[in-house]
Each structure stands twice: as structure tokens, then as C-alpha cells.
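Participant: Here you go, one structure.
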Amino acid sequence: MSLPERVVLVGPMGAGKSTIGRMLAKELGYRFLDSDRIIEERCGANIPWIFDVEGEDGFRQRETAMLDELSQVQGTVLATGGGAVMRPENHALLRKNAVVIYLKTSIEQQVERTRKDRNRPLLQNDDPEGVLRRLFAVRDPLYTKLADIVMFTDRKSPRLVVRQLVNRINPKTPRHKRQRRKEGRQHVPGTQRA
Ligand code: S3P
């Protein structure tokens, strides 16, 4: 088995998609893309502002357009927003030429990792834990259905998760072959080269 053209990370807020995605991309010799960050760069505004002005629906439209664009770039590890699975039309975009990885995390870990965050509009209320529980109930079956690999991240360091993922994605690819893939990578406007 050779490496997939793309690796796509799905999972809830606080699952570690960005941290793990960045490290995994380095390990595979792929470019790291973070859908939310690119939306913010293109828009010139942060996600709370987009939710405020355009509503969640406006954000979801931008997200679908971004997933469509990024689905065409090979040699990438893509971290998606936790709600990317909510629109059925996104599913084919997420799966296109990709190995999809669900970073599965307990509610307790999600609460802990998002406690001080002010950049996630859905959690700026009196009961962020209740919101995370309700979102999990709806989204966990969707993440699971889409995923080729389900990886539990609780009580694991990002480094350990990445090592386990590399083994699951392609246990046989030696490091020097992965490095060679860096050469052919494409640039996406609004992202920095690694
Ligand atoms: C969202 C998750 C966020 C971001 C937005 C909505 C969600 O991304 O896309 O705040 O609906 O779960 P992260 O999962 O990277 O926090």
C-alpha cells in the first residue's frame, strides 16, 4: 500500500486536530492545512466575527467552499472544523482521495482542552459541557461512518498518537520515501509553506 493523496482529520472541538495534524504532516512530508485558519485568513476576520455577522449558516457556506477547494490539493494533511460533517454535501469532499481519521476524545478531555478558549462561538455560553455532549450525540455517528481510522486520543501524547497513525496509514513506507514527497507539493494561497 502506498501513501494516500490526502489525510483528513475529523473530530470534535478539542480533539487535537491542529496539533496532531501539524505533527503528522511533518512526519509524512506533507503540507499541513487547517480549514478554519485558511477561512479566517481569506476572510480577514476570525470565526467569532463570521458567526456574529453571517451567522452559523454563513460560516458553513464558507466551510463547504473551502473543503471543496482543499479537496483538490494532494500531499496534504487537512484539519477540519468539528462541524464539517454536518452538511451531507461535505462528506464526498472530505473523503475524496483521502484517508479520513476520526480523532475520538472523551467529553471530559474536550471540556478541559477548550476551557479557556474564546475563539469557538458555540461554546461561549453557560453550559459548554452540555453543548459538547449534545454535539457528540449527533456527530459521533457521522465521524465514525466517514472514518477509515478511528483513533482514541485520551491519555496519549500527540507524539504517541502520530506514531500510531503513521503505522496505521502505512506501516511499510520508510522515512526517506516520505521525505521525497515534499518536493512535489502544491502551494495553497493563504497558507504558509512548512
Ligand atoms: C465548530 C468547530 C470549530 C470551528 C467552529 C465550529 C463546530 O473548529 O469550525 O467554531 O461546529 O464544532 P474546531 O473543531 O477546530 O474547534
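Participant: So how many residues does the stretch 120-147 have that are part of a loop (DSSP other than H, G, I, E, B) and surrounded by 13 or more Cβ atoms within 10 Å (Cβ to Cβ)?
Facilitator: 3
Participant: Among the candidates I50, I20, single out the residue that is modelled with pLDDT of 95 or more, open to solvent by less than 20 Å² (accessible area, probe 1.4 Å), closer than 28 Å to V166 by Cβ and within 14 Å of the ligand (Cβ to nearest atom). Working first, answer last.
Facilitator: On the way: I50 fails: closer than 28 Å to V166 by Cβ.
Only one candidate qualifies: I20.
Participant: Any chance you could count how many residues in the stretch 92-107 are assigned to a helix (DSSP H, G or I), in contact with a helix residue (DSSP H, G or I) (Cβ under 9 Å, 6 or more places away or on another chain) and open to solvent by 40 Å² or more (accessible area, probe 1.4 Å)?
Facilitator: So the answer is 1.
Participant: If the requirement is being in a helix (DSSP H, G or I) and surrounded by fewer than 19 Cβ atoms within 10 Å (Cβ to Cβ), which of these qualifies: Q74, Q61?
Facilitator: Just one listed residue meets the conditions, Q61.
The values are calculated or read from the model by the stated rules, or taken from the named source; none is laboratory data. Small disclaimer: the values here were computed from a predicted structure and weren't measured. We place every Cβ from the backbone using ideal geometry, glycine too, and count neighbours over all the protein chains shown. Accessible surface is based on the protein model in full, side chains and every heavy atom, while ligands, DNA and RNA are left aside. Shrake-Rupley method; radii C 1.70, N 1.55, O 1.52, S 1.80 Å.
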